[in-house]
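The next block holds one structure in the form of structure tokens; read it before the comments.
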Amino acid sequence: MSGAERRVVVVGADGAGMSAAHQALRTAARHGERLAVTVLDRGHHTSYSACGIPYWMSGDVPTQQDLVARTAAEHREAGIDLRLGVEVVGADLAARTVTTADGDELGYDELVVATGAPAVVPDWAVRPDGTAYDGVGVVKTLDDGAAWVERFAAAGAGAHVVVVGAGYVGVEVAEAALARGFGVTVLTRTRGMSMLEEELSDRVNAALVDAGVELVLGAEVTGLEVDGDRVSGVRWEGGRGDADLVVVAIGVRPATDFLAGNGLELSEGGALRPDPHGRVADHVWAAGDCCEVRRRIDDQWVFRPLGTHAAKMGRALGDSLAGGGLTFDGMVDTSITRFSAGDVHVEIARTGLSRADAAAAGHDAVALVTEGTTATGYMPEAEPIAIWVMADRVTRRLLGVQVVGGHGAGKRIDTSAAVLWAGGSVDDLAWMDLAYAPPFATTWEVLQIAARRVAERL
Ligand SMILES: Cc1cc2nc3c(=O)[nH]c(=O)nc-3n(C[C@H](O)[C@H](O)[C@H](O)COP(=O)(O)OP(=O)(O)OC[C@H]3O[C@@H](n4cnc5c(N)ncnc54)[C@H](O)[C@@H]3O)c2cc1C
């Protein structure tokens, strides 16, 4: 390309935005083009692992720096004009400008939206003026993490932490609070770990209770009790409990408000739907948690704000923007976490469709739970594992797999994800060549027994 440098403005300087920025520079350099890349972020941190925050809260990860993959200085050395503390409040896609909270206007040739999805803060969690009560907060940014590390350090022995929300963040934070020696209550208005089918989420619930967590299912929180400026309790429909600290982990929402009025198509929840190259409109691109992702199995757009998608989407976007051909070709709805406290350790993973998804897609689905062990029974490593497998009765296509079990259980999900990615059948999963030796598996690997049992019932 000849002429002036193309101006790329990226809004959001974390996983998706910085992947896009660096990949754009790399691909452009390969093609002999120079890009002027400016990245704006309203926060003060870049490229950090939010995923690691619960493990920093627990003490497994010693310092904030351990969670930072690349510092602001490193990004600038790579040629990126990184501007922190700059909030974008508006965009004019026709004029190709963005406006900042300070009233500055920046022109662009290509706009990358990588603004993520901030934590949802319900009205009951804040004072009438919108500020949080002392002892109450979300777990989303590095600053949130720092606040929690401080609050945990300041809380006395016997302090009680109430976690509102029993999704993966809620469960990870419960683990962190137990590791710090606090009493823990987890409240959820649903049934807990609702990313799993009930047969498996019940096992996670049991693990929480075994570890000493007070778990209250179906608890719709109605308000906080406060003592001066500090939280002292939580009320829910039909109950209440004392609280020294309250963690609000009820979900996130795409940060796309600044695009309002531009005619861009947003999902009901406010997410963008980029094409596989990351494009949402002429000269407008998007990646990461501010987007929905396409689930390959049923061709549905779903909101799955995960770092693994953000990194891939950012890379494909950056490459495409600079003239390359990388694409992000959707996902199969894989995710994993763990809950570990004292003697209790469960790994929790899922991939593919749920029963409800399968029904919505018109599948005649057959599903079964199989129990086994993660290693041959005579080995000391052997731990219980339960695997839920679902397949289509007519086509025999594998539709979904979920796992709850001890050490070594969780990453078994990847084999199933690979079969789903390739559009394989439950027979593929049952008969493919997987590794066996007594410390790692049973002769018939438990995942393959689970698949075989479903195959036999089709
Ligand atoms: C506690 C926790 C645990 C997690 N664990 C996992 C896990 O185990 N596995 C996994 O895959 N994912 C996990 N995630 C999710 C993962 O962290 C996110 O998917 C990932 O951070 C998304 O990256 P992103 O760049 O799209 O968005 P973000 O990381 O949210 O970054 C968006 C950036 O945009 C900035 N921004 C927003 N609006 C504006 C604006 N108007 N102007 C300027 N800047 C703006 C924000 O300040 C922010 O820095 C976890 C998240 C949390 C909170």
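Every number in this text was worked out from the coordinates using simple rules, so none of it is lab data. As the structure is a computational prediction, the values presented were derived from the model and not from experiment. Please note: Cβ atoms are built from the backbone with ideal geometry, for glycine as well, and neighbour counts cover all protein chains shown.
Observations
- Least to most buried among T99, T141, T115, T63 (fewest other Cβ within 10 Å first): T63, T99, T141, T115
- Computed magnitude of the charge dipole of region 123-248 (debye, nearest 20; Cβ of K, R +1, Cβ of D, E -1): 80
- Net length gained if the chain between M432 and L84 were fully extended (0.36 nm per residue, minus Cα distance): 120.3 nm
- Signed unit charges on C-beta, dipole axis of region 143-207, positive-most listed residue W148, F182, S194: F182
- Here's the picture: charge each Lys and Arg Cβ at +1 and each Asp and Glu Cβ at -1 in the chain, and of G43, T370, V113 the one pushed furthest to the positive end of that dipole is T370.
- What you get for the chain, charging only the Cβ of Lys and Arg (+1) and of Asp and Glu (-1), is a dipole of about 860 debye around the Cα centre.
- Under 5 Å between amide hydrogens, built in the peptide plane, is the criterion, and for V10 it picks out T38, V39, L40, V112 among residues at least 5 positions away or on other chains.
- Its Cα centre serving as origin, region 281-377 has a Cβ charge dipole (Lys and Arg +1, Asp and Glu -1) of approximately 140 debye.
- Signed unit charges on C-beta, dipole axis of the chain, positive-most listed residue L217, A125, P380: P380
- Distance between the C-alpha centres of region 105-151 and region 185-212: 26 Å, rounded to the whole angstrom.
- For S47, nonlocal amide neighbours, meaning residues 5 or more places apart or on other chains whose placed amide H falls under 5 Å from its own, are D14, G15.
- DSSP loop GluC sites (Glu not before Pro) with at most 15 other Cβ within 10 Å: longest gap in the chain: 88-219
- The chain shape via C-alpha gyration tensor axes, a/c threshold 1.5: oblate
- Distances between placed amide hydrogens fall under 5 Å for G400 paired with L353, M390, all partners being 5 or more residues away or on another chain.
- Computed 3J(HN,Hα) for region 79-85, one whole-Hz value per residue from the Karplus formula 6.51 cos²θ - 1.76 cosθ + 1.60 where θ = phi - 60°, is x, 9, 7, 9, 10, 8, x, glycine and proline marked x.
- Phi-derived couplings, Karplus 6.51 cos²θ - 1.76 cosθ + 1.60 at θ = phi - 60°, listed residue by residue for region 192-205: x, 6, 6, 5, 10, 5, 4, 4, 9, 5, 4, 5, 5, 4 Hz, with x used for Gly and Pro.
- Considering only the chain, percent of DSSP beta bridges that pair antiparallel, nearest 5: 60
- Vicinal HN-Hα couplings computed from phi for region 99-107 (Karplus, 6.51 cos²θ - 1.76 cosθ + 1.60; Hz; Gly/Pro x): 10, 9, 4, 7, x, 6, 10, 10, x
- Extension gain, A101 back to D210 (0.36 nm per residue minus Cα-Cα distance, nm): 34.3 nm
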